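**Student:** Have a look at this one.
The values are calculated or read from the model by the stated rules, or taken from the named source; none is laboratory data. Worth saying up front: this structure is predicted, and the values here are computed from it rather than measured. Here the Cβ is made from the backbone with ideal geometry for all residues, glycine too, and neighbour counts use every protein chain on show.
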Amino acid sequence: MLQCRSYDRCSTIDVRYPATWMHDLQYNDTITTVSGYLSMNILSGKHIILGVAGSIAAYKIAELARNLTLEDALVDVILTKAAEHFVGQATFQALTGRPVLTDMWALPEDGVVGHVALGIHADAVAIAPATANTLARIAAGICDDLLTTTVLATQAPILCAPAMNPQMYAAAATQKNIATLRQRGFTILEPAVGRMAEPMVGKGRLPEPDVLEGEIRALLGRRSGPLRERQVVVTAGGTREPIDPVRYVGNRSSGQMGYLLAALARDYGARVKLISGPTALTPPPAVTVIPVETTIQMRDAVLAACVDADILIMNAAVADFRPAHALVSKIKKSGESGLILELVQNPDILGELKEHHKLFKVGFAAETDDLIANAKGKLARKNLQMIVANDAVASIGQPDIQVTLINADGEITALPRQSKSQAAAAVLMAIAQRFNERAC
Ligand code: C5P
């Protein structure tokens, strides 16, 4: 059974019924409708175990526990004995609204023996911070406390975020334990490099809570998301075409929509490559980011990434023209005279993939005139499955956006003006729905 909630703001648009592929979502997945299209919060109703080991970085997990709870996840925190020296039970209890677990002999029995019940019911386990000692105990199969017992008893995906003194992290024993766990299918994050609690800089810091949340979302998506086992390529931002070493021809794309789509595709379980022109945005966690600058670089990266991809979402604002000659020295003003730039046409990236029939291709059309007619022309010329049309003037620099989806079969759906994140959710669910219908 699917729980349904409606975020619809426009009653004139039909809510689509779940396609057959959605029936195998887990019973407690929450499906929401965003402007007529079904959307999904991968965290909602999921049972997540946060295992906290004894490191000064444990304080960061309070924020993670809070954020996951606010996203409707059921969060059970297990503290190791050492963790209790750094953080208190009351903090996590208040943030998750659930008792904090420390003792494997003090759990209620609900048909399954208490100390293994947690692991059996979990949708994901995240151990953060994971200390050298906890990693070693798990690698050796020791189960002498609630956390290690839960890990041994679970079939849920497990994420470990090592955090420790850089020398302890680099030690051969720790590296061997990490390699063993990776081999067993654990997802092990690289610690961040930076200032440690003791006055030294090195590799051993716990990644920030939003990075951990992104990794947990990816873990859950790969288990039950509608795009699990799929490869999705998203392009974002604007390309820059050099005039000389300090100037370029570019456009005003912020990259926001592409970054949102990449993060959502990750939540839906896809392996995501985000090919991005320069932006001011923080890359989404658990997404492979390939930074590019020019259209030629973007073309090369897209063609390489699409060799084994299932879906290409070409959201980037690609510069249609580039200077015929990029100068190696800065152009100087001379007297009162202006400057004439000779521009040549850039390759059409989507156009070059016209014959890639297995790839589900989605284009974007930002137009100032004849929006629908121009978008339909591009859909046909570039042999796309879907195009997302929007009014370029009304959307640049605005928090809200109005997009219209046009499918290859001629169906046109105008979505209401809404926030970019709502629009991205509606667009991605429409893509997933169409892609899965085609794949069936
Ligand atoms: O060709 P036009 O820019 O009008 O079409 C827009 C769509 O084509 C967008 O999806 C954009 O990312 C893509 N495009 C491309 N290569 C170009 C220009 C645009 O793939 N050189």
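**Student:** For residues that are at pLDDT 95 or above and touching a strand residue (DSSP E or B) at 6+ places or on another chain (Cβ under 6 Å), scanning just region 383-402, find the one that is surrounded by the most Cβ atoms within 10 Å (Cβ to Cβ).
**Tutor:** The selected residue is 388.
**Student:** Residue check: is residue 369 within 16 Å of the ligand (Cβ to nearest atom), without any contact (Cβ under 8 Å) to a residue 12 or more places away in the chain and in a loop (DSSP other than H, G, I, E, B)?
**Tutor:** yes
**Student:** For region 403-427, enumerate the residues that are over 17 Å from residue 376 (Cα atoms), in contact with a Ser or Thr (Cβ under 8 Å, 6 or more places away or on another chain) and either of a type in the set (S, T, N, Q) or surrounded by 21 or more Cβ atoms within 10 Å (Cβ to Cβ) (or both).
**Tutor:** 418, 422, 423, 425, 426
**Student:** Further question: Pick out the one residue from 62, 126, 94 that is more than 27 Å from residue 195 (Cβ to Cβ) and of a type in the set (A, V, I, L, M).
**Tutor:** 94
**Student:** Moving on to the next point. Please work out which residue is farthest from the chain's Cα centre (by Cα), limiting yourself to region 251-277 and to residues that are in a helix (DSSP H, G or I) and among the hydrophobic types (A, V, I, L, M, F, W, C).
**Tutor:** Only one residue tops the list, namely 257.
**Student:** Right, here's the next one. Would you be able to say whether some residue in region 306-314 is part of a loop (DSSP other than H, G, I, E, B) and either more than 23 Å from the chain's Cα centre (by Cα) or free of Cβ contacts under 8 Å to residues at least 24 places away in the same chain (or both)?
**Tutor:** No, that holds for no residue.
**Student:** If I go through region 333-350 residue by residue, how many of them are modelled with pLDDT of 95 or more and either within 12 Å of the ligand (Cβ to nearest atom) or surrounded by fewer than 11 Cβ atoms within 10 Å (Cβ to Cβ) (or both)?
**Tutor:** Residues in region 333-350 being modelled with pLDDT of 95 or more and either within 12 Å of the ligand (Cβ to nearest atom) or surrounded by fewer than 11 Cβ atoms within 10 Å (Cβ to Cβ) (or both): 8 in total.
**Student:** A further question follows. What residue, of 421, 329, is of a type in the set (Ser, Thr, Tyr), away from the ligand (no atom under 13 Å from the Cβ) and in contact with a helix residue (DSSP H, G or I) (Cβ under 6 Å, 6 or more places away or on another chain)?
**Tutor:** 421
**Student:** I've got another one for you. Determine the pairs where a residue that is surrounded by fewer than 22 Cβ atoms within 10 Å (Cβ to Cβ), located within region 248-268, has a partner that is in a helix (DSSP H, G or I) and of a type outside the set (A, V, I, L, M, F, W, C) with Cβ atoms under 6 Å apart, the partner being 6 or more residues away or on another chain.
**Tutor:** Pairs found: 256/420.
**Student:** While we're here: Looking at residue 161, is it modelled with pLDDT of 95 or more, crowded, with 18+ Cβ neighbours inside 10 Å and in a loop (DSSP other than H, G, I, E, B)? Walk me through it before giving the result.
**Tutor:** Working: modelled with pLDDT of 95 or more: yes; crowded, with 18+ Cβ neighbours inside 10 Å: yes; in a loop (DSSP other than H, G, I, E, B): no.
The answer is no for residue 161.
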